[in-house]
1. Can you spot a residue in the range 99-120 that is modelled with pLDDT under 90, outside any loop (DSSP other than H, G, I, E, B) and out of contact with any strand residue (DSSP E or B) (no Cβ under 6 Å at 6 or more places or on another chain)?
2. Which numbered condition in (1) farther than 30 Å from residue 131 by Cβ; (2) surrounded by 10 or more Cβ atoms within 10 Å (Cβ to Cβ); (3) in contact with a helix residue (DSSP H, G or I) (Cβ under 9 Å, 6 or more places away or on another chain) is the only one that residue 9 fails?
3. Which of the residues spanning the range 108-134 are out of contact with any helix residue (DSSP H, G or I) (no Cβ under 6 Å at 6 or more places or on another chain) and over 12 Å from residue 83 (Cβ atoms)?
4. Please indicate, with yes or no, whether at least one residue in the range 32-48 is at pLDDT 90 or above, within 21 Å of residue 17 (Cβ to Cβ) and not in a helix (DSSP H, G or I).
């Protein structure tokens, strides 16, 4: 059943918007300062709404999340990395020596992988994911 559109009370909308805008300053994000402000608002909304999709603020959270996501896709995109580079980064970031992975992959194979001469198998990707506590997909070429 189709209902007639509701008449919009522009004066009431303006008063409500001015009060809301003074608190939230909801705008498209064009710079890092407004990005930081929107992320802080998004985090506060997440803290308040939790997992409740019916929370009165969930629509606002969706809107703020869309603004943040759009800005991040345009300005903070992370290029996919080669699996060997991901592995090298994780080893270095955790201050590990290659020998620390000897129970998972033989030293000669690990050296060949890091040099780009050998691919990471699906089985090894699973073991590396478990070892580092990350998704095995990071070790599979995209």
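The values are calculated or read from the model by the stated rules, or taken from the named source; none is laboratory data. Computed from a predicted model, the values in this text were never measured in an experiment. A quick note on method: Cβ atoms are made from the backbone with ideal geometry, for glycine too, and the neighbour counts reach across all protein chains shown.
1. Scanning the range 99-120 turns up no residue that is modelled with pLDDT under 90, outside any loop (DSSP other than H, G, I, E, B) and out of contact with any strand residue (DSSP E or B) (no Cβ under 6 Å at 6 or more places or on another chain).
2. (3)
3. Here is the first cut: in the range 108-134, the residues out of contact with any helix residue (DSSP H, G or I) (no Cβ under 6 Å at 6 or more places or on another chain) are 108-109, 111-112, 115, 117, 119, 121-124, 127, 130-131, 133-134.
Those that are out of contact with any helix residue (DSSP H, G or I) (no Cβ under 6 Å at 6 or more places or on another chain) and over 12 Å from residue 83 (Cβ atoms): 108, 109, 111, 112, 115, 117, 123, 127, 130, 131, 133.
4. Scanning the range 32-48 turns up no residue that is at pLDDT 90 or above, within 21 Å of residue 17 (Cβ to Cβ) and not in a helix (DSSP H, G or I).
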